[in-house]
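Below is one structure, written out as structure tokens; comments come after it.
Please treat every number below as a calculation from the coordinates, not as lab data. Note that the structure is predicted; figures quoted are calculated from it, not measured. So basically every Cβ, Gly included, is an ideal-geometry build from the backbone, and we count neighbours across all protein chains shown.
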Amino acid sequence: MGLQDSSRRLALNYENLTSVMRRLALEAGDVIMDIYTSNDFAINVKSDNSPVTAADEAADRLISAGLRAAFPDVVLVTEEQSASHSAHADCFLIVDPLDGTKEFIHRRGDFTVNIAYVEHGVPTRGIVYAPAKGRLFYTLANGQSVEEIGEFDQDRIAPTQPISVTKADNSALMVVASKSHRDPQTDTYIENYAVKDMKSAGSSLKFCLIATGEADLYPRLGRTMEWDTAAGQAVLSGAGGKVVRFDNLQPLRYGKPGYENPFFIAHGDNVELKETKCL
């Protein structure tokens, strides 16, 4: 069976996809928290000079094994397996087992487990789990995004509540920006807006804060990869938000060569995006 045929088959069973992603995210979160709360853990450096810990690697092994067992015919791209970065398909699963490694290392709590499914350039389903924060966001089978509330159990779903972006007041915007990757260029762009409040957050939680209406705007003028953003974008899209390229304000697409993103802007409803060409 070809990749496209298997991807169409998977797309018909979003309920199973949601269930598997949720279970694996929670299991990975438990593994990550065991290491996070330990007295010490080793930190290594990857070829791109980014840090990696035992938690990244253990969570990646767990999630990858689970996804390959559940969906053996679907291409899997994961940050921690460089061999997967040369794979290409119209539809694929993409994983960042521990997004926000710097937040993890400094024990700031703003790290997440990200799992997403991309169809023809668009992340249509995804889950973002922040185990240290006790927050769990994902898309349902119908594409609506929810936040699960209460004690998380791998076998039993707690109550969920639909989440939705709010209609922004452009005279008093709520802006969220990266905690570990803030730069002067981002600050210069944000100065174009009337900002009521600014908050910093790590990992893909920034997308989720817009999805819940806790923020309106997240500009990212720095390097990111598709596994950093796919799950967060799926959650934001399922809540009525958008992610666009910084250079032309067109939708951010996936499956690009090398899986590297351009600069982008994530936003909620009614945000009047400012001119970007001069930056």
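Size of the dipole of segment 14-63 about the Cα centre, Lys and Arg at +1 and Asp and Glu at -1 on the beta carbon, nothing else charged, in debye to 20?
In debye, rounded to 20, segment 14-63 gives about 100.
What is the distance, in nm, between label points placed 7 Å from the Cα along the Cα-to-Cβ direction at Asn142 and at Ala42?
Placing both labels 7 Å along Cα→Cβ, they lie 4.9 nm apart.
So how strong a dipole does the chain carry about its Cα centre when Lys and Arg Cβ are +1 and Asp and Glu Cβ are -1, to the nearest 20 debye?
With Lys and Arg at +1 and Asp and Glu at -1, about 380 debye.
Cα-based Rg of segment 14-80 per 2.2 N^0.38 Å, rounded to two decimals?
Scaled against compact globular proteins, the figure is 1.25.
Compute the Rg to Rh ratio over segment 3-162 from the alpha carbon atoms, using the Kirkwood formula for Rh, and round to two decimal places.
So for segment 3-162, dividing Rg by the Kirkwood Rh gives 0.96.
Evaluate the charge dipole of segment 173-267 about its Cα centre and quote only its size in Debye, nearest 20, assuming +1 on the Cβ of each Lys and Arg and -1 on the Cβ of each Asp and Glu.
Result for segment 173-267 is approximately 140 debye, rounded to the nearest 20.
Evaluated at 37 °C with a viscosity of 0.692 mPa s, what Stokes-Einstein diffusion coefficient in µm²/s does segment 173-267 have when Rh comes from the Kirkwood expression over alpha-carbon pairs?
249 µm²/s
Quick one: if you stick a label point 7 Å off each Cα along the C-beta vector at Arg156 and Asp247, how many nm between them?
Reported label-point gap for Arg156 and Asp247 is 5.2 nm.
For the chain, what relative contact order do you get, as a whole percent, if you take Cα pairs closer than 8 Å and at least 6 residues apart?
Reported as a whole number, the value is 17 percent.
Starting from 0.36 nm per residue, how many nanometres of slack lie between Glu275 and Gln185 once their C-alpha separation is accounted for?
31.0 nm
Could you list Cys91, Cys208 so that the one with the fewest beta carbons within 10 Å of its beta carbon is first and the one with the most is last?
Cys91, Cys208
In the chain, with Lys and Arg counted as +1 and Asp and Glu as -1 at Cβ, which of these residues, Val52, Ile35, Gln185, has the Cα nearest the positive end of the dipole, that is, farthest along it?
Of Val52, Ile35, Gln185, it is Gln185.
Tell me, how many Å apart are the Cα centres for segment 199-240 and for segment 153-189?
Spelled out, the Cα-based centre of one part sits 6 Å from the other.
Which listed residue (His85, Ala130, Ala172) has the Cα farthest towards the positive end of the charge dipole for the chain, taking +1 on Lys and Arg C-beta and -1 on Asp and Glu C-beta about the Cα centre?
Highest projection toward the positive end goes to Ala172.
Mean 1/r over all different Cα pairs, inverted: what Kirkwood radius does the chain give, in Å?
Computed over the chain, the radius equals 18.7 Å.
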